[in-house]
2 protein chains.
Amino acid sequence: MTTQNTLYRTLDAQGVRTYVASLPAIAARLGGSVENWTVREVSDGNLNMVFLAEGPLGGVCVKQALPHVRVDPSWKMPLDRTFFEAAYLREVFPHVPDLTTERLHFDPVQFILIVKSLSSHTVLRNALMLGPVNPQIATRIGQFVARSTFATSLLAAPFESVMDRRICFARNQTLTRITVDLVLTDPYHDHPRNHWAEPELTPVVQAIRADAGVLARIDTLRLRFLSCPQALLHGDLHTGSIMTTNDDTRVIDGEFATYGPIGFDAGLFVGNLILSLFSARDAAAQSQQIHMIKLFWASFTEQFLALWATENASKDQAARYYPATQTIESEKEKNIFIENIFQDMIGYSGAEIIRRIIGYAHVSDFSALPDTPTQAARKKAALLFAKDCLDQTHLFRNCDDFLSHLTHYHG
Amino acid sequence: MTTQNTLYRTLDAQGVRTYVASLPAIAARLGGSVENWTVREVSDGNLNMVFLAEGPLGGVCVKQALPHVRVDPSWKMPLDRTFFEAAYLREVFPHVPDLTTERLHFDPVQFILIVKSLSSHTVLRNALMLGPVNPQIATRIGQFVARSTFATSLLAAPFESVMDRRICFARNQTLTRITVDLVLTDPYHDHPRNHWAEPELTPVVQAIRADAGVLARIDTLRLRFLSCPQALLHGDLHTGSIMTTNDDTRVIDGEFATYGPIGFDAGLFVGNLILSLFSARDAAAQSQQIHMIKLFWASFTEQFLALWATENASKDQAARYYPATQTIESEKEKNIFIENIFQDMIGYSGAEIIRRIIGYAHVSDFSALPDTPTQAARKKAALLFAKDCLDQTHLFRNCDDFLSHLTHYHG
């Protein structure tokens, strides 16, 4: 887990070919011989190099950390983020084998992670920009969040194993710092990393930064992100971290993994669906995104509560952490637990929308709109809605209430 | 930090003499030569061996972990608890040099910790049993809790340093398991570690265990203890962990140190003052304990909020974690933060009272009462009050409300 080593070399396509050929189990998956393989770079995220290597029998995805941010070589960064992505997969894969990618190989010297390739899948963000998608994708992501977080929470395991995992992921400080700064701090102040091209947005940004309620809420969300280790989070669950076909959906890119509030994962996903909604070209697409948020939350709560009930039923009363009892009172405590996740989700979705429009890393969704004035108008509307998400705690009593406001807002 | 090693030897008084003589800096504190020293065992807690070594110039306290619980050799236990006590002192001493003991030496092979001796001090529990004490002792403990928790929280430091400390103390799992089991689980079920001699208590124990509200609340407190790492806690802040003279008060025995909710430290202290109240021999002593709880909470909140204000004033807005702003809205968030600590304090004080009467490790306070029927009646009253602390969340709106109920209950 050293972040500097003299053995490390950044791979190019030829390097990937040689590297894969040196691993018999991986080479066997590709089949044929090395000269039949194609290797192409498909780096898309901001941080890492990504290659697809394909042979007659199949393909793999090869991901390597760089000693800097991929899109900004002047921003130096330790290599160990690939370690945390590999560790995240190790922890959650047994619980979501149908919803993420299988880890095939991890090299702790070269910081190379190899997973099964998803060459027939599309990035969900792109699929949403192109037109209708199967809304059940959102149901599957609800299951992903429920199963990955429940399994790594205190509800499912003795606290010692949870603390051991927290010890591991509490070292993922470089990427946690990025989340704290880029998502939860910078957009609320003048900072050189912030940027937006549309002058129409400036008054809204000023209004957000002048709103004491928004600032108090983002402070609380920042503190809560760092001091509420409910479960192991993916940590970057936007629509660019999801690969999908019509009937198969996989979450990738778990390098931001950290223990935190479950509503953070949920909020990033919902925030990106809302960004997709505000950049939708027609009413049908808008309805689809609303429907997907509804499906996501219903699926998450149903799956999470079902796991909780099953876990409790399988244990002696004294071996259960929480709740030890099944009574009206404990159902009430469960409901408070879920309600807190919901309120976190609303807050973090607002933060995600704002940072994706005025912060360092924007989203491509709005580029699907026909002209700059329309883009600016939609971004402004999205910012104003996000401000509402942050402005008043508990403004939204439940998901229907939230979606009704969103529909009203957008319409 | 290995918990088994072939070099480890349990020291007796002669061994302590030889060991101290081998440490020139410690030997110099005692002065004279080794044959002038007195060494006596003063072990009082359940876990460790404790010796006082005194010479012509001064004395030191020598504490060594045993490979088992001191009072129950059949209960095996790793040695590393002394490491966590030494680490706790290292972290908090700079912030509370006047309220705890200075660490002079730590031996990670023999698991020996040497601190300045407090030979002129009395254990607070014993002082309370003997008669009036200076109520300002409670003010000082309020300062101790405020300063030690604030300094190790996200309010005072970049999150990276907090996460590094959490990584360290998340390994203190043996003693955290004791807290989870003995304080927050066992008393609410049949368990061979529970015991009480007075048959009059049995119906109250049954009522506690049959109360769905109490059980749901203790489940929540247990989960919160493990998933709300607000600050580095002492973890065992009862009146036996406090040494005092009339005008000097020192907290000792930090081996249970862990990150958790600040209200846990506060609740253990207040719970033990309440045990002292219910075992008081006269109305004056009862009033004193009520007064001390009031002083403790006032001192804690005043000191904590003062540190928060100072910390914020010393930083640029963007460098502050929480709150970044000073507005009515952020004051509201601060008040919610303090209110949550208060509610945690009430809950954990109730849990502490219950486990100290019907759990594994009882307190000596009630032995000051003249006869067994009186002891039983007072224990019963204390249990019923503790049940109220757990029965309804937010029953007590503030400290005056809480103390008024306590006065009414006891009177």
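The values are calculated or read from the model by the stated rules, or taken from the named source; none is laboratory data. Because the structure is predicted, anything quoted here is derived from the model rather than measured. Please note: Cβ atoms are built from the backbone with ideal geometry, for glycine as well, and neighbour counts cover all protein chains shown.
Out of the stretch B:188-206, which residues are touching a Phe, Trp or Tyr at 6+ places or on another chain (Cβ under 9 Å) and in a helix (DSSP H, G or I)?
B:THR202, B:VAL205
Return only the number of the condition from (1) closer than 26 Å to A:PRO78 by Cβ; (2) without any contact (Cβ under 8 Å) to a residue 60 or more places away in the chain; (3) within 14 Å of chain B (Cβ to nearest Cβ) that A:ASP107 does not satisfy.
(3)
Yes or no, residue by residue, for (1) among the hydroxyl-bearing types (Ser, Thr, Tyr); (2) within 14 Å of chain A (Cβ to nearest Cβ):
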{"residue": "B:SER287", "(1), (2)": "yes, no"}
{"residue": "B:THR301", "(1), (2)": "yes, no"}
{"residue": "B:TRP308", "(1), (2)": "no, yes"}
{"residue": "B:ASN312", "(1), (2)": "no, yes"}
{"residue": "B:ALA351", "(1), (2)": "no, yes"}
{"residue": "B:PHE366", "(1), (2)": "no, no"}
{"residue": "B:ASP371", "(1), (2)": "no, no"}
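Of the residues that sit in the stretch A:66-83 and are closer than 23 Å to A:HIS121 by Cβ and in contact (Cβ under 8 Å) with a residue 60 or more places away in the chain, which one is surrounded by the fewest Cβ atoms within 10 Å (Cβ to Cβ)?
Among them, the one singled out is A:THR82.
Tell me, yes or no, whether the stretch B:107-118 has at least one residue that is polar (S, T, N, Q), outside any loop (DSSP other than H, G, I, E, B) and not assigned by TED's automatic domain parsing to the domain that holds B:SER367.
No.
Assuming B:LEU182 fulfils every condition listed in (1) over 19 Å from the mean Cα position of the chain (by Cα); (2) surrounded by fewer than 20 Cβ atoms within 10 Å (Cβ to Cβ) apart from one, which condition is it?
Just one mismatch for B:LEU182, condition (1).
With respect to A:VAL20, is the statement that it is of a type in the set (Val, Ile, Thr), in contact (Cβ under 8 Å) with a residue 12 or more places away in the chain and over 18 Å from A:LEU113 (Cβ atoms) true?
Considered against the rule, which asks whether it is of a type in the set (Val, Ile, Thr), in contact (Cβ under 8 Å) with a residue 12 or more places away in the chain and over 18 Å from A:LEU113 (Cβ atoms), A:VAL20 comes out as no.
Looking at this structure, is A:THR407 at pLDDT below 95 and part of a loop (DSSP other than H, G, I, E, B)?
No: the conditions fail for A:THR407.
Let me spell it out: the conditions are (1) modelled with pLDDT under 95; (2) outside the structural domain of B:GLY263 (by TED's automatic domain parsing); (3) not aromatic (Phe, Trp, Tyr), and B:ARG90 meets all of them except one. Which number is the exception?
Every listed condition holds for B:ARG90 apart from (1).
So if I check each of A:ARG171, A:ARG125, which one is modelled with pLDDT of 95 or more and in a helix (DSSP H, G or I)?
One residue alone meets the criteria, A:ARG125.
Can you tell me which residues in the stretch B:200-218 are away from every other protein chain (no Cβ under 12 Å) and touching a helix residue (DSSP H, G or I) at 6+ places or on another chain (Cβ under 8 Å)?
Result: B:GLU200, B:LEU201, B:VAL204, B:VAL205, B:ALA207, B:ILE208.
Identify all residues within the stretch A:193-218 that are closer than 23 Å to A:HIS238 by Cβ and not aromatic (Phe, Trp, Tyr); write none if there are none.
Answer for the stretch A:193-218, where residues must be closer than 23 Å to A:HIS238 by Cβ and not aromatic (Phe, Trp, Tyr): A:ARG193, A:ASN194, A:HIS195, A:ALA197, A:GLU198, A:LEU201, A:VAL204, A:VAL205, A:ILE208, A:VAL214, A:ARG217, A:ILE218.
For every residue, the table says whether it meets (1) at pLDDT below 85; (2) closer than 21 Å to B:SER349 by Cβ.
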position: B:PHE296; (1), (2): no, yes
position: B:THR301; (1), (2): no, yes
position: B:TRP308; (1), (2): no, no
position: B:GLU311; (1), (2): yes, no
position: B:LYS315; (1), (2): yes, no
position: B:ARG320; (1), (2): yes, no
position: B:PRO323; (1), (2): yes, no
position: B:THR327; (1), (2): yes, no
position: B:SER330; (1), (2): yes, no
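In this structure, is A:PRO192 of a type outside the set (Gly, Ala, Ser), surrounded by 24 or more Cβ atoms within 10 Å (Cβ to Cβ), within 14 Å of chain B (Cβ to nearest Cβ) and farther than 15 Å from A:LYS387 by Cα?
No; evaluated as a whole, the condition is false for this residue.
Consider the stretch A:38-82. How many of its residues are acidic (Asp, Glu) and within 13 Å of A:VAL20 (Cα to Cα)?
The qualifying residues number 1.
Tell me which of these B:ILE167 doesn't satisfy, since it passes every other one: (1) more than 14 Å from chain A (Cβ to nearest Cβ); (2) surrounded by fewer than 21 Cβ atoms within 10 Å (Cβ to Cβ).
Looking at each condition in turn, B:ILE167 falls short on (1).
Scan the stretch B:139-146 and tell me whether some residue there is in contact with a helix residue (DSSP H, G or I) (Cβ under 8 Å, 6 or more places away or on another chain), surrounded by fewer than 19 Cβ atoms within 10 Å (Cβ to Cβ) and of a type in the set (Val, Ile, Thr).
No, there is no match, as no residue in the stretch B:139-146 is in contact with a helix residue (DSSP H, G or I) (Cβ under 8 Å, 6 or more places away or on another chain), surrounded by fewer than 19 Cβ atoms within 10 Å (Cβ to Cβ) and of a type in the set (Val, Ile, Thr).
Got a number for residues in the stretch A:174-185 being more than 8 Å from chain B (Cβ to nearest Cβ), in contact (Cβ under 8 Å) with a residue 24 or more places away in the chain and part of a helix (DSSP H, G or I)?
6
Tell me which residues, restricted to the stretch B:223-272, are over 11 Å from the mean Cα position of the chain (by Cα), more than 14 Å from chain A (Cβ to nearest Cβ) and among the hydroxyl-bearing types (Ser, Thr, Tyr).
B:THR244, B:THR245, B:THR249 - these are the residues of the stretch B:223-272 that are over 11 Å from the mean Cα position of the chain (by Cα), more than 14 Å from chain A (Cβ to nearest Cβ) and among the hydroxyl-bearing types (Ser, Thr, Tyr).
Right, A:ASN134: closer than 30 Å to A:ALA285 by Cβ, modelled with pLDDT of 95 or more and in a loop (DSSP other than H, G, I, E, B) or not?
yes
On the given criteria, is B:ALA86 within 29 Å of B:CYS168 (Cβ to Cβ) and small (Gly, Ala, Ser)?
yes
With the condition kept exactly as written, say whether any residue in the stretch B:103-114 is touching a His at 6+ places or on another chain (Cβ under 7 Å), of a type in the set (Val, Ile, Thr), closer than 22 Å to B:VAL16 by Cβ and crowded, with 18+ Cβ neighbours inside 10 Å.
yes
Among the numbered criteria (1) assigned to a helix (DSSP H, G or I); (2) of a type outside the set (S, T, N, Q); (3) buried (at least 19 other Cβ atoms within 10 Å of the Cβ); (4) facing chain B (nearest Cβ under 9 Å), which single criterion is violated by A:LEU155?
The one condition A:LEU155 does not meet is (1).
Quick one: would you say B:ASP391 is of a type in the set (Asp, Glu), crowded, with 20+ Cβ neighbours inside 10 Å and either within 14 Å of chain A (Cβ to nearest Cβ) or over 23 Å from B:GLN289 (Cα atoms) (or both)?
no
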